[in-house]
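The values are calculated or read from the model by the stated rules, or taken from the named source; none is laboratory data. Because the structure is a prediction, the values reported are computed rather than measured. As a convention, Cβ positions derive from the backbone with ideal geometry for all residues, glycine included, and neighbour counts pool all protein chains shown. Just so you know, the surface numbers come from the protein's heavy atoms only, side chains and all, with ligands and any DNA or RNA stripped out. Shrake-Rupley method; radii C 1.70, N 1.55, O 1.52, S 1.80 Å.
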Amino acid sequence: MLVPTIAVVVVCLGAQVLAVSASPVTLPVIAAIVALVLPSTTLVRDALRRNRLRADAAAAARIAIEASALLTGAIATVLALAREASGLGTTFLVLILLGIGAGASAVFTGRRYGWWVAGAAFTGALWCVWALNGVALVEASVLPPALAAALVAGLLAARKPDMRGARGLFAAGLGVAVLPTLALLAFARSADAGAAAGAVVAPDALPWRALALLAAGIVLLLFGAGFARSPRMRALVLPTYVAAAVAAVAGPVQGVRMGLGGELSFLHGVGLFFACFGSAAVAAIILTVAARGIRQTAPARMSRSRWLTAPAVLALAIGTWGAIERDWASIWLMWTLMLGLLVLVAVAGARAGRTTLPPVWLLFSVSFVTAVVAWSPRDLRVEWFSLPLGAFLLLAGIAGMRQASASMADASASAALNEWPARWQSSWALLAPGIVTMMSASIVATFTDPLTWRAILVMALALGAIMVGAARRLAAPFILGMLVLPIENVFVFAVQIGRGVQSMPWWITLAVIGAVLLTIAVTYERRTGNESTVVARIRDLR
């Protein structure tokens, strides 16, 4: 209770002697007492041992004095911040004194925690200086100590590559440097969180935070590549690439903000699309390079993960979705983005099992949402989106079926959804998703928006699926095609032929399809004869 008792005595003397508030005087005095006590605890311990106190009791007394001094210093800091009479000047003086005492404790008594306490105290003192000079920008307060911590960690790693704390300090420094700015970019609206009270940012102001974070991501990639070439700095490679990836998130965030009119609100149409797409594309490139660097340095299990490239795809798509407007240029550009994502679906399906691209189901989900965004103005028919979605998903399934036939994979091998279409065998798992996606939207649209060409298209797709299923002995296309034919007929008759679907083309279509089905049935009957039943023949399909 020694240090807290002395602090209480100082407070009582200040209240007794001074006619005004004593906080600006007593709090720095208490901080000076704490600063003098912290580096003298070794002297106290040795004096107690010389006075015949046991070694363990002397060590316990030293710890108790340190703890009470640190608690007293923390209370003094809180009072300096809370009391209006103290002000930032008093807080600055208190923090400087506490930082000096903690640093002296680390130097003279070997207490390593003293460096952390000194760093926190000097950081708070720096923030007080910024505030006293009218600087309220958050980055000005956060970046100097964060970068200093990262620099110290880099120097420690260069001197002692096996030091465990260097990597953690480096990651903490980069995190403190990047995350506050990213949070402000994501959540700040009309008023800049770093501006002085009452200062409002113009909606068309340059998005400097996003540009700074993207530039920081590129710089961190360069540092990561440099660290990877140095054996001493190799421990810092992973946190560097992770920090670069986190900084790159500013790209899609800024794209969303521009899409919502937060910045550069004068942009519309093509200009808005390319502004959103550009920021998202830069972020995707940074994320891709960071994923490659992480893959080269991470443990074996993480290096084989296909999820490392998923953030790049999500950033590219999410950052661009906000650019959609009821403008033909925006719609077609968003449709083109959907097509590019579908190409990735086909490539991932063709290279399943030996690719670093994200799982096919994730790529298709992002493509599907992009299609919904492009379709949302309702200026294009749904077939412009459903047919490419189904076709590319079908291509991925066909590639998986060819791989299964070529490798003759064991049917008992486990098939995971993240590895689709690899290790999957049946046509239901490989072909049904693409067929259903291709035809389901048009079937529903036949009932809500009946058109002659749409009904004929659905019947043609169903007939094609039946023909392929019969020729290749595939269950999924054959059975799905047989189910779609009556369903589409019911929908067409439900909307009354002649109102949305013209009678003559429809009956001609039915006649042609009936003739083709009859031909298929007769040909198949001649090949197989009457030895097997219909159920047995369907069961033979794979």
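Quickly run through the range 348-377 and pick out the residues that are assigned to a loop (DSSP other than H, G, I, E, B), modelled with pLDDT of 85 or more, open to solvent by 30 Å² or more (accessible area, probe 1.4 Å) and over 16 Å from Leu337 (Cα atoms).
Passing the criteria: only Leu357.
When you go through Gly101, Gly114 one by one, which is the residue that is within 28 Å of Val11 (Cβ to Cβ), open to solvent by less than 10 Å² (accessible area, probe 1.4 Å), modelled with pLDDT under 90 and in a helix (DSSP H, G or I)?
After applying the criteria, what remains is Gly114.
Give me the residue from the range 131-154 that is small (Gly, Ala, Ser) and closer than 20 Å to Leu185 by Cα and, out of that set, modelled with the highest pLDDT.
The residue in question is Ala146.
So which of Leu461, Leu517 ends up being of a type in the set (A, V, I, L, M) and either open to solvent by less than 10 Å² (accessible area, probe 1.4 Å) or over 19 Å from Pro388 (Cβ atoms) (or both)?
When all the criteria are applied, what remains is Leu517.
Across the range 41-93, which residue is surrounded by the most Cβ atoms within 10 Å (Cβ to Cβ) among those that are of a type in the set (Gly, Ala, Ser) and not in a helix (DSSP H, G or I)?
Per the criteria, the residue is Ser86.
Among the residues of the range 112-128, is any charged (D, E, K, R), touching a helix residue (DSSP H, G or I) at 6+ places or on another chain (Cβ under 6 Å) and more than 18 Å from Gly175 (Cα to Cα)?
No, the range 112-128 contains no residue that is charged (D, E, K, R), touching a helix residue (DSSP H, G or I) at 6+ places or on another chain (Cβ under 6 Å) and more than 18 Å from Gly175 (Cα to Cα).
Just name the residue that is most open to solvent (accessible area, probe 1.4 Å) out of those in the range 219-275 that are among the aromatic types (Phe, Trp, Tyr) and modelled with pLDDT under 90.
Step by step, filter the range 219-275, then rank; the result is Phe266.
Are there any pairs, at least 6 apart or on different chains, whose C-beta atoms fall under 6 Å, with the first in the range 1-23 and touching a residue at least 40 places away in the same chain (Cβ under 8 Å) and on the phi < 0 side of the Ramachandran plot and the second hydroxyl-bearing (Ser, Thr, Tyr) and open to solvent by less than 100 Å² (accessible area, probe 1.4 Å), and if so, which?
Val3/Ser68; Val3/Thr72; Pro4/Ser68; Pro4/Thr72; Ala7/Thr72; Ser23/Ser86
Could you run through the range 117-126 and say how many residues are within 19 Å of Ser40 (Cβ to Cβ) and open to solvent by 20 Å² or more (accessible area, probe 1.4 Å)?
Here the count works out to 1.
Among residues belonging to the range 4-39 that are polar (S, T, N, Q) and open to solvent by 30 Å² or more (accessible area, probe 1.4 Å), point out the one that is modelled with the lowest pLDDT.
Out of the qualifying residues, it is Ser21.
Under the condition of being surrounded by fewer than 18 Cβ atoms within 10 Å (Cβ to Cβ) and touching a residue at least 24 places away in the same chain (Cβ under 8 Å), which residue from the range 430-456 is farthest from Arg381 (Cα to Cα)?
The extreme case among them is Val436.
Mind listing just one residue for me: the one in the range 464-501 that is in contact with a Phe, Trp or Tyr (Cβ under 7 Å, 6 or more places away or on another chain) and surrounded by fewer than 21 Cβ atoms within 10 Å (Cβ to Cβ) and, of those, modelled with the highest pLDDT?
That would be Ala475.
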